[in-house]
Amino acid sequence: MSQEKAVSPPSFDDDEFKGHGGSSEFPLSETKTRFSNLNDTIEDGSVIFNQTSDGRRNIGILSAVFLVFNRMVGTGIFSTPSTIFSLSGSVGLSLFLWVAGMLIAASGMMVYVEFGTAIPRNGGEKNYLEYVYTRPKFLVTGMYAAYALLLGWAGSNSVVFGEYILNAAQVEVNRFNQRGVGLACITVAFLIHGLALKWGLRLQNFLGVIKLAIILVIIVCGWVALAGHARVPNPHNFTNAFEGTTGTAYGIVTALYNVIWSYIGYSNANYALSETKNPARTLKIAAPSALILVAILYLLVNIAYFAAISKEDIADSGRILAATFFYNMFGEKAERAMSVFVALSAFGNVLSVIFSQGRIVQELGREGILPFSKLFASNWPLNAPFMGLFEHWLVSVIIMLAPPPGDAYNFLLNVISYPLSVVNTFVSFGLIYIYLNRSKFPDFNPKLRATFPVVIFFFLSSIYLIAAPFVPPSDPSQNVYDSLPYYLHAVVGIAIFGAGAAYWLLWAKILPYVGKYKLVRATVVGDDGWSRNLFRKVHVNKDEDRSAIEE
């Protein structure tokens, strides 16, 4: 076998490494490796290195915008305003919470753009956490692996897809048919991205155009309703807009979780930067453009709902609020048509979610962190992360089937949003630490800076979202669940990170101690011309002062 050594990671911009794919400076065979002191440099997080082949860069600005847009605009704006209104108690506070959620999302987007333009590689926040939190060694890697593997991000919108399709077909929704249709939705998304990558991206872009058209129709219809031309009487929801405000800590934070759920996705392009053309420039344009567009559309859609639907009907409509809106405007046939369009929007979101999550799983496999890592790392059979996509499909299906029928969607939404708030807290604090300790991170050179006040705001917002769910609701009717404890999603979220810490203890401490080796991470370039961090077992030979690397 040929020898491979760790690549000495230079610091360079996107365009500077395009010609290095086959040079002798970057050996491409993946066999046994002897590591130098470079390992300590990488493990300390002081070197940023990224290389990928030009052939893998398929994502341009438009596709990146739709990656973000499709991830954000799933079913949240069509289904969560009812819950947000019920928890806030008034139209005025409900709209204010949408503005607050937008500000939190915008600050988070700036934090992720700064990290993404400084570390333009697949994996998103995993790279940023590893770059800053280097002690205890590899702990953040183990905890993030559990976060990435055990959350079924695509499950919630698959459930809503089933509900809207059944509503369009005028079939009574129950636990089995709703989740059966949802299972079909997520399975199709998995197979498209696993077996036909380019067609999956094209379909995502097409569905992005569809959902943009739906939102624009709702907005225009809202203006018509404000002019007094709806089928139902004017509900006058903007008169005494803050009447009925409840304002409990639990209600506000739970409502904010619903708003933030609707904005989740502002960092979606960060997960595929190794596959993005000119990633720093593309990210700087795509992420802010998509977020600004979505923020404007969300506020206008909420105004449209309140212009055409009474407070009582909004509170009672649940997740089919958009269908209720079209019923009030045009009648039953329009309600059914709208249900189909919202289902297509949900499907576009599922496509976007499973696309990014599959790549996170693949990145964990490529680094050798997971059991059966080579399986998850592969691009078999058709140059896409099929097994990474499969893992996320499997977890999403399990989580879809577990909760009681009435609580399924809300539990899925909150059990995903809570751990994300934990991750965002550590990501934002990591950026604060870099700001205060610039000399420790000489190669951190982002193309766009979030600024210190913005990062502090995002950090404090994330801490609030972590702490508030443990404050019991003063009014039992504000418990977002019908039959589950109000705090369950927070406990499950913390347990996921606990599982990651337990895996780290086994993977990085107990097994190396028993096997008399240590884990070493270095950056290597593989046969595909794609750089990656790689964990290997290093056994110290008692008779020789050297380290040998085992496959």
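The values are calculated or read from the model by the stated rules, or taken from the named source; none is laboratory data. Owing to the predicted nature of the structure, the values given are computational and were not obtained by experimental measurement. Here the Cβ positions follow ideal geometry from the backbone for every residue, glycine too, while neighbour counts run over all protein chains shown. Accessible surface is based on the protein model in full, side chains and every heavy atom, while ligands, DNA and RNA are left aside. Shrake-Rupley method; radii C 1.70, N 1.55, O 1.52, S 1.80 Å.
From the residues in segment 367-402 that are open to solvent by less than 10 Å² (accessible area, probe 1.4 Å) and not hydroxyl-bearing (Ser, Thr, Tyr), which one is modelled with the lowest pLDDT?
Ala384
Check Ser274, Ser289 and return the single one that is over 25 Å from Val160 (Cβ atoms), modelled with pLDDT under 85 and assigned to a helix (DSSP H, G or I).
Just a single option satisfies the conditions, and that option is Ser274.
Conditions: (1) part of a helix (DSSP H, G or I); (2) out of contact with any Pro (no Cβ under 8 Å at 6 or more places or on another chain); (3) not basic (Lys, Arg). Phe306 meets all but one. Number of the miss?
Only one criterion is unmet by Phe306, namely (2).
Limited to segment 57-83, what total is found for residues that are under 16 Å from Leu412 (Cα atoms) and more than 17 Å from the chain's Cα centre (by Cα)?
The total comes to 3.
Here are the criteria: (1) of a type outside the set (A, V, I, L, M); (2) at pLDDT 90 or above; (3) within 30 Å of Met110 (Cα to Cα). Tell me which single one Trp504 does not satisfy.
Condition not satisfied by Trp504: (3).
Specify the residue that is most open to solvent (accessible area, probe 1.4 Å); the eligible residues are those in segment 67-92 that are in a loop (DSSP other than H, G, I, E, B) and small (Gly, Ala, Ser).
Gly89
Could you give every pair whose Cβ atoms fall below 8 Å, whose first residue belongs to segment 228-251 and is open to solvent by 80 Å² or more (accessible area, probe 1.4 Å), and whose second residue is at pLDDT below 85, counting only separations of at least 6 or pairs across chains?
Pairs found: Arg231/Asn328; Arg231/Met329; Arg231/Phe330; Arg231/Gly331.
With respect to Ala213, is the statement that it is within 29 Å of Leu299 (Cα to Cα), touching a residue at least 12 places away in the same chain (Cβ under 8 Å), of a type in the set (Gly, Ala, Ser) and open to solvent by 10 Å² or more (accessible area, probe 1.4 Å) true?
no
Which residues, taken from segment 139-160, are assigned to a helix (DSSP H, G or I), under 21 Å from Arg71 (Cβ atoms) and open to solvent by less than 30 Å² (accessible area, probe 1.4 Å)?
Tyr144, Tyr147, Ala148, Gly155, Ser156, Asn157, Ser158, Val159, Val160
Being in contact (Cβ under 8 Å) with a residue 12 or more places away in the chain and either open to solvent by 30 Å² or more (accessible area, probe 1.4 Å) or in a helix (DSSP H, G or I) (or both) is the filter here, so list the residues in segment 328-341 that pass it.
Residues satisfying the conditions are Asn328, Met329, Phe330, Glu335, Arg336, Ala337, Met338, Ser339, Val340, Phe341.
Would you mind telling me which numbered condition in (1) more than 24 Å from the chain's Cα centre (by Cα); (2) among the polar types (S, T, N, Q); (3) within 30 Å of Glu391 (Cβ to Cβ) Asn349 fails?
Only one criterion in (1) more than 24 Å from the chain's Cα centre (by Cα); (2) among the polar types (S, T, N, Q); (3) within 30 Å of Glu391 (Cβ to Cβ) is unmet by Asn349, namely (1).
For every residue, the table says whether it meets (1) closer than 17 Å to Ser156 by Cα; (2) at pLDDT 85 or above; (3) among the β-branched types (Val, Ile, Thr).
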position	(1), (2), (3)
Leu297	no, yes, no
Ala308	no, yes, no
Leu321	yes, no, no
Ala334	no, no, no
Val342	yes, no, yes
Gly348	yes, no, no
Gln357	yes, no, no
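Residue by residue through segment 128-138, note down the ones that are out of contact with any Leu (no Cβ under 7 Å at 6 or more places or on another chain) and either crowded, with 24+ Cβ neighbours inside 10 Å or part of a loop (DSSP other than H, G, I, E, B) (or both).
Tyr128, Tyr133, Thr134, Arg135, Pro136, Lys137
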